[in-house]
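Okay, structure first, notes after.
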Amino acid sequence: MLIYFLDMFGTAVFAISGVLLAGRLRMDPFGIVVLASVTAIGGGTIRDMALGATPVFWITDTNYLWAIFITCLVAIVAIRKPRQMPWYFLPVADAIGLAVFVAIGVEKALRFGATPMVAVIMGVMTGCGGGVIRDVLAREIPMVLRTEVYATACILGGIVHTTALQLNADVNVATLAGIATTLTIRLAAIRWHLSLPTLAPRN
Amino acid sequence: MLIYFLDMFGTAVFAISGVLLAGRLRMDPFGIVVLASVTAIGGGTIRDMALGATPVFWITDTNYLWAIFITCLVAIVAIRKPRQMPWYFLPVADAIGLAVFVAIGVEKALRFGATPMVAVIMGVMTGCGGGVIRDVLAREIPMVLRTEVYATACILGGIVHTTALQLNADVNVATLAGIATTLTIRLAAIRWHLSLPTLAPRN
Amino acid sequence: MLIYFLDMFGTAVFAISGVLLAGRLRMDPFGIVVLASVTAIGGGTIRDMALGATPVFWITDTNYLWAIFITCLVAIVAIRKPRQMPWYFLPVADAIGLAVFVAIGVEKALRFGATPMVAVIMGVMTGCGGGVIRDVLAREIPMVLRTEVYATACILGGIVHTTALQLNADVNVATLAGIATTLTIRLAAIRWHLSLPTLAPRN
């Protein structure tokens, strides 16, 4: 199933952004895994707690944890010189993960009986929540609170997603429309250097 | 219903304190809405998660979200010059919101079978939790941990509330007694400049 | 029951580490109680929220709260001069509390149907979560993210615990083996000055 694969991809990408920040702060391996984990599954965890969808998703399906652990191992071993990657690699991967996370958050909230407005909020929370917790643990003012286009892309993606459903679009069509919206806006923002989300220098 | 109206009023007032802090940190519109939201509904959200009262309150009743959004719009448009308000306006409004939030937290905890001691803690958490999350996101040491009279007012209000109920007072009477206690102590603290909660300069 | 007694002991010890940090930050009595509480019951609270074990444990059994309150009173009154304690007193007490907390987290997660891997994570979360929240509230980068041996001890203790159960060991034997593992590693780390967890100077 494509969405599930993309979900794992997003989990791995978000984990990498946690690994990179942990590396910059010279954290030990445990700190790296923790920061990778909260970035990758923190948003969905708060969403599930608020919805009452407990046990939360990564307790039921441990593939998410394996995706994080393997990513951390690979990242620690292989990516010793992050500057040698093309600069757009991580932002683009992050945009794909973000778009999928938002769509999954919207879907899950609707399945638990949320209104469209709440579903959009849950989508944004799923996409942005992990990064907020990561930044709080690293003692940064959360990046998403200061990089307008990041959260805005999530909100618009969520609105397109829920509006399509209310117009009786097929679930898959609505989901893909939402993902495409979030992704397009993020990619446009990256292309024209409106922001560099996970790699931007922090003050 | 008076309590419900006051609850919305408190939500709006707490949202404003989030908007003001976000403005001082030069956050973008999304950051403003997030900081306003966590301040207004963060405490009640943690309370509901701990009680198992899920989906949490703002998922079931979206009026809270509308109160926050409208407050943000009005605040962004109208309050360009916060210094022109009388200095006591926000602290007094905040005290009213705080007193109501504490009473609502106590009531909800008791309804879910909590003991009086736990109910008082849940009242304090409802009143103070949002401000703590706001300050953590803004990378401040939470104000309530350093402004004694703020939390003390909540604790005493909660104790009066639960004690009145244990003495078989009418629910409405007990609630109003609790609200009056919290409010009186806060207003006294403001009147004699014992603290300036939401507008005090930070270190 | 020994485990329950040790659980209360751990709660009190963790509360003290919150009191000490609050004292260093010159917090008022309310701030002290809050920081003591989140340190002592924060990890277990997140664990219970994620598992859906609500109302969370300290709502059902208020002995935890009493243990914290009494500890705060005693700590505020008696420990005016923390430097006069032998330097190893708090780290050793903290190690005992940590080992018990991990075992309790593992047990509870398994009781709620978690896999062994998730149970280990829940054990680590129970043991380390409170300290992370304490440090976030005090605006520190969480100590456990930078003191490798601390979390490593929890992970190994949890692995021994769950592995013993999978090898059909008696529940009590497995629990004690897990506790012994965590405790031994921590004590070794303290003995050979590999780290000084709750009293270490912070940058």
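The values are calculated or read from the model by the stated rules, or taken from the named source; none is laboratory data. The structure presented is a predicted model; accordingly, all values stated were derived computationally and were not measured. FYI the Cβ positions are ideal-geometry reconstructions off the backbone, even for glycines, and counts take in every protein chain you see.
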*Tally time: how many residues in region B:23-54 are in a helix (DSSP H, G or I) and at pLDDT below 85?*
5
*Go through region A:1-15 and count every residue that is over 11 Å from the mean Cα position of the chain (by Cα) and either free of Cβ contacts under 8 Å to residues at least 12 places away in the same chain or closer than 24 Å to C:Ile133 by Cα (or both).*
4
*asked:* I'd like to know if region A:170-177 contains one or more residues that are more than 10 Å from chain B (Cβ to nearest Cβ), among the small types (Gly, Ala, Ser) and closer than 19 Å to A:Phe14 by Cα.
replied: no
*asked:* Looking at region C:107-151 only, could you name the residues that are more than 25 Å from C:Arg191 (Cα to Cα), β-branched (Val, Ile, Thr) and part of a helix (DSSP H, G or I)?
replied: C:Val118, C:Val120, C:Ile121, C:Ile133, C:Val136
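Working only within region B:31-45, note down all residues that are under 12 Å from B:Cys72 (Cβ atoms) and more than 10 Å from chain A (Cβ to nearest Cβ).
Residues satisfying the conditions are B:Ala36, B:Thr39, B:Ala40.
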_Take the residues in region C:126-152 that are more than 10 Å from chain A (Cβ to nearest Cβ) and buried (at least 24 other Cβ atoms within 10 Å of the Cβ); name whichever of them is farthest from C:Ile179 (Cα to Cα)._
C:Leu137
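Please find, among C:Asp61, C:Asp28, C:Asp48, the residue that is under 22 Å from A:Met49 (Cα atoms) and either loosely packed, with under 15 Cβ neighbours inside 10 Å or away from chain A (no Cβ under 14 Å) (or both). Can you show your working first?
Numbers: C:Asp28 fails: under 22 Å from A:Met49 (Cα atoms); C:Asp48 fails: either loosely packed, with under 15 Cβ neighbours inside 10 Å or away from chain A (no Cβ under 14 Å) (or both).
From the options C:Asp61, C:Asp28, C:Asp48, the qualifying one is C:Asp61.
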*Scan region B:159-169 and give yes if some residue there is small (Gly, Ala, Ser) and without any contact (Cβ under 8 Å) to a residue 40 or more places away in the chain, otherwise no.*
yes
_Would you confirm whether or not region A:67-80 contains a residue that is within 11 Å of chain C (Cβ to nearest Cβ), outside any loop (DSSP other than H, G, I, E, B) and touching an Asp or Glu at 6+ places or on another chain (Cβ under 9 Å)?_
no
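Among the residues of region A:37-70 satisfying the criterion of being over 24 Å from B:Ile46 (Cα atoms) and of a type in the set (A, V, I, L, M), which is farthest from the chain's Cα centre (by Cα)?
If we filter region A:37-70 for residues that are over 24 Å from B:Ile46 (Cα atoms), which is where we start, we get A:61-70.
Applying the additional criterion that residues be of a type in the set (A, V, I, L, M) yields A:65, A:67-68, A:70.
On the way: A:Leu65: 15, A:Ala67: 14, A:Ile68: 13, A:Ile70: 18 Å.
That would be A:Ile70.
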*If you go through region C:27-50 one residue at a time, do you hit one that is within 18 Å of C:Gly127 (Cβ to Cβ), among the hydrophobic types (A, V, I, L, M, F, W, C) and free of Cβ contacts under 8 Å to residues at least 40 places away in the same chain?*
yes
